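Accompanying notes for the structure given below.
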Amino acid sequence: MNRSASIEVKRDVEAALIPSGTKVQLKQGSHVYVTQALGNSYTVYVNGNLVRVAGKDGDALGLVILELPDINREEGTAEEKIWIQLKTCFDPEIPINIVDLGLVYSSNVIPLGRNEYNVDVVMTLTAPGCGMGPVLVDEIREKIRMIKGIKEVKVELVFDPPWTRDMMTDEAKLQLGLL
């Protein structure tokens, strides 16, 4: 993907302003620059701002619609599938998934019987004032609910302990040039 070439928006599309999370409309005919296409969303630069466009709206950018594979076709336990789904959630400003960034502190699978579960996720953000928190929380809930048998997903945002670079995996640090 050529990040230096602008892309014309093909139809009006809703986006989330980064880092506030405020909903905005990208108007048909406006020009954007794609900065990342990860998970199932695009981050684009427009008029001096970064915004996040849902992958399902890739056609509005003249790009492919980004969809995730069906998690229920994957082998593994509910817990393993939850971690797979969490790794498809990306920080909109940093091209690293939230697990490798160290934002997810825990995921607790609570068996309800009959192969049904509730899930409690505890996570943080790279910055306490980040408005993208609710956007990421909604994305996490949505992706975990895709797993067969998951009945309820609770995501708790905490800021103690505060996030630091030390929480990132070595793989993430290497990718960001920190190792």
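The values are calculated or read from the model by the stated rules, or taken from the named source; none is laboratory data. Remember, predicted model here, so these are calculated numbers, not experimental data. Note that each Cβ is placed from the backbone with ideal geometry, even for glycine, and that neighbours are counted across all protein chains shown. Accessible surface is based on the protein model in full, side chains and every heavy atom, while ligands, DNA and RNA are left aside. Shrake-Rupley method; radii C 1.70, N 1.55, O 1.52, S 1.80 Å.
A single member of Glu139, Glu156 is of a type outside the set (Val, Ile, Thr), more than 15 Å from Leu101 (Cα to Cα) and part of a helix (DSSP H, G or I), and it is Glu139.
In the range 142-157, the residues that are surrounded by 13 or more Cβ atoms within 10 Å (Cβ to Cβ) reach residues that are aromatic (Phe, Trp, Tyr) and modelled with pLDDT of 95 or more with C-beta atoms within less than 8 angstrom, at least six apart or across chains, in these pairs: Gly149/Tyr117; Ile150/Tyr117. Among the residues making up the range 108-132, those that are under 16 Å from Phe159 (Cα atoms) and at pLDDT 95 or above are Val121, Val122, Met123, Thr124.
Checked against the criterion of being over 23 Å from Asp160 (Cβ atoms), in contact (Cβ under 8 Å) with a residue 60 or more places away in the chain, touching a strand residue (DSSP E or B) at 6+ places or on another chain (Cβ under 9 Å) and not in a loop (DSSP other than H, G, I, E, B), the range 99-115 has no qualifying residue. Of all the residues in the range 101-116, those that are over 17 Å from the mean Cα position of the chain (by Cα) and open to solvent by less than 50 Å² (accessible area, probe 1.4 Å) number 3. Pairing each residue of the range 17-36 that is touching a residue at least 40 places away in the same chain (Cβ under 8 Å) with any residue that is among the hydroxyl-bearing types (Ser, Thr, Tyr), provided the two are 6+ apart or on different chains, yields C-beta distances under 8 Å for Ile18/Thr43; Gln36/Tyr42; Gln36/Thr43. Test Glu171 against the criterion of being open to solvent by 70 Å² or more (accessible area, probe 1.4 Å) and free of Cβ contacts under 8 Å to residues at least 12 places away in the same chain, and give yes or no. For Glu171, the condition - open to solvent by 70 Å² or more (accessible area, probe 1.4 Å) and free of Cβ contacts under 8 Å to residues at least 12 places away in the same chain - is not met. Of all residues in the range 161-177, those satisfying the criterion of being within 19 Å of the chain's Cα centre (by Cα) and not in a loop (DSSP other than H, G, I, E, B) are Arg165, Met167, Glu171, Ala172, Lys173, Gln175.
For the range 55-100, the set of residues classified as modelled with pLDDT of 95 or more, within 10 Å of the chain's Cα centre (by Cα) and charged (D, E, K, R) consists of Lys87 only.
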